[in-house]
Amino acid sequence: MRFPLRLGTRGSPLALTQARMVLAALRAAHGWAEDAIEIVTVKTSGDRIQDRALAEVGGKALWTKELDRALVDGDIDFAVHSMKDVETIRPPEITIAAMLPRADVRDRLIGADSLAELPEKAVVGTSSPRRAAQVRRERPDATITLFRGNVATRLGKLAAGDADATLLAAAGLERLDQPDIGAPIPLDEMLPAPAQGAVGIETLTDNAELRAALAPVDHAPTSACVRVERAFLLALHADCRSPVAALALVEGDGLWLRAEILNEDGSECVAGETMVSGDQGAAALAYDLLARASPALRSLFGA
């Protein structure tokens with residue numbers, strides 16, 4: 001293996017923090033020197049385009065395509081991603097080789113202590129169809145306004161009065177040493193996005209040596225849960241327009257999967273939960289939710 005290894009990442013503060021987490025985990029696992037890994041920042045379309053929703057400009061691929069290209073072109077050896085930003089169908093030449101231990105999966109509400117305590121007709125800033133639908137389910141009087149950008153940008157928009165409140169992933173805030181910002185929203189009130197809180201590492205499928213080097217930092221429970229959540233998404237034919245939430249937790253020898261699909265305004269929500277042992281169980285839950293949904297809701301999921 002040729003050193004230094006080149007680790008590709010987006011250039012946001014959170015992405016760089018996650019890259020340093022990967023670097024530290026690999027150095028601890030292998031006893032590598034400080035200069036064994038070089039962090040290479042890659043500017044993605046998602047970083048450049050901040051004024052439109054993802055669905056309007058290419059979906060989740062905006063976060064991955066430039067890093068994918070850098071991998072295939074040999075400009076980097078592996079890449080780090082927030083797993084909730086990674087498309088469910090990946091190029092066959094690229095493999096999700098490892099995931100770090102998952103952090104807090106919850107969302108945090110900034111601007112009020114709870115959704116119930118938002119002011120009447122509150123304006124809530126988010127770019128997530130899931131969060132928008134879940135907020136509207138709890139607070140039909142709320143108005144959603146588009147908030148995109150990194151954590152500092154969104155908090156700046158909130159401070160400038162562009163909205164009464166916003167929502168951010170607890171995991172990202174913790175990784176940025178801001179764990180006390182906002183109030184955590186209970187999972188029973190707001191189930192997270194599939195793969196929220198998980199950091200994944202990708203490399204070329206045929207790079208067996210690097211895949212073997214990444215294996216020791218893979219956290220098996222996180223990988224198992226996230227892969228089931230992604231299988232659920234795949235069975236739904238969900239995309240970045242689809243309001244969907246899912247969370248798998250290790251329970252005994254299996255995984256307990258909870259999930260829900262919603263329409264855009266949160267007025268319809270179909271939920272379910274089941275024990276699963278792999279992709280087939282996750283797909284079965286997806287098909288069950290779709291079967292119980294209205295035609296209008298099913299249309300949001302390619303069904």
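Only the coordinates and a few stated rules stand behind these numbers; no lab work does. Values in this document were obtained by computation on a predicted structure and should not be read as measured data. Here Cβ is always computed from backbone atoms with ideal geometry, including for glycine, and neighbour counts include all displayed protein chains.
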Can you tell me which aspartates and glutamates have their Cα less than 13 Å from the Cα of residue 43? Leave out same-chain residues fewer than eight positions away. 66, 68
Quote to one decimal, in nm, the extra length available between residue 291 and residue 43 on full extension: 0.36 nm per residue of separation minus the C-alpha distance between them. 85.2 nm
Over the range 98-229, what relative contact order in percent results from Cα pairs under 8 Å that are six or more residues apart? 42
Taking the Cα centre of the range 107-184 as origin, work out the dipole magnitude from +1 charges on Lys and Arg Cβ and -1 charges on Asp and Glu Cβ, in debye rounded to 20. 400
Shape call for the range 70-167 from the C-alpha gyration tensor, a ≥ b ≥ c root eigenvalues: rounded (a/c under 1.5), prolate (a/b greater than b/c) or oblate? prolate
Let me make sure I get this right: for the range 136-197, a, b and c are the square roots of the gyration tensor eigenvalues over alpha carbons, sorted descending. Under 1.5 in a/c it's rounded, otherwise prolate if a/b > b/c, else oblate. Which is it? oblate
Using helices alone, I'd like the mean residue ellipticity at 222 nm for the chain: each DSSP H run of four-plus residues gives -39500 (n - 2.57), total over residue count, nearest 500. -10000 deg cm²/dmol
Out of the DSSP beta bridges found with both residues in the chain, what percent are antiparallel (nearest 5)? 75
Normalised contact order of the range 232-301, rounded percent, pairs of Cα under 8 Å and 6 or more residues apart: 35
With only Lys, Arg, Asp and Glu charged, each at its Cβ (+1 for the first two, -1 for the last two), find how big the charge dipole of the range 232-301 is about the Cα centre; round to the nearest 20 debye. 160
With just the Cα atoms defining each centre, how far is the range 168-186 from the range 25-45? Give it in Å. 25
Once both labels are modelled 7 Å past Cα along the beta-carbon direction, what's the residue 141-residue 180 spacing in nm? 3.2
Pull out the extension gain between residue 249 and residue 274, defined as 0.36 nm times the separation in residues minus the alpha carbon to alpha carbon distance; nm, one decimal. 7.9 nm
The range 58-143: trypsin sites (Lys or Arg not before Pro) in DSSP loop, at most 15 other beta carbons within 10 Å: 121
Note: residue 73 to residue 93 extended length (0.36 nm per residue) minus current alpha-carbon separation gives 6.0 nm
Sequence gap at least 6, Cα distance under 8 Å: using those rules, report the relative contact order of the chain to the nearest whole percent. 20
Where a ≥ b ≥ c are root eigenvalues of the Cα gyration tensor, a/c under 1.5 meaning rounded, otherwise prolate if a/b exceeds b/c and oblate otherwise, the range 232-301 counts as prolate
For the range 107-184, percent of DSSP beta bridges that are antiparallel (nearest 5) comes out at 55
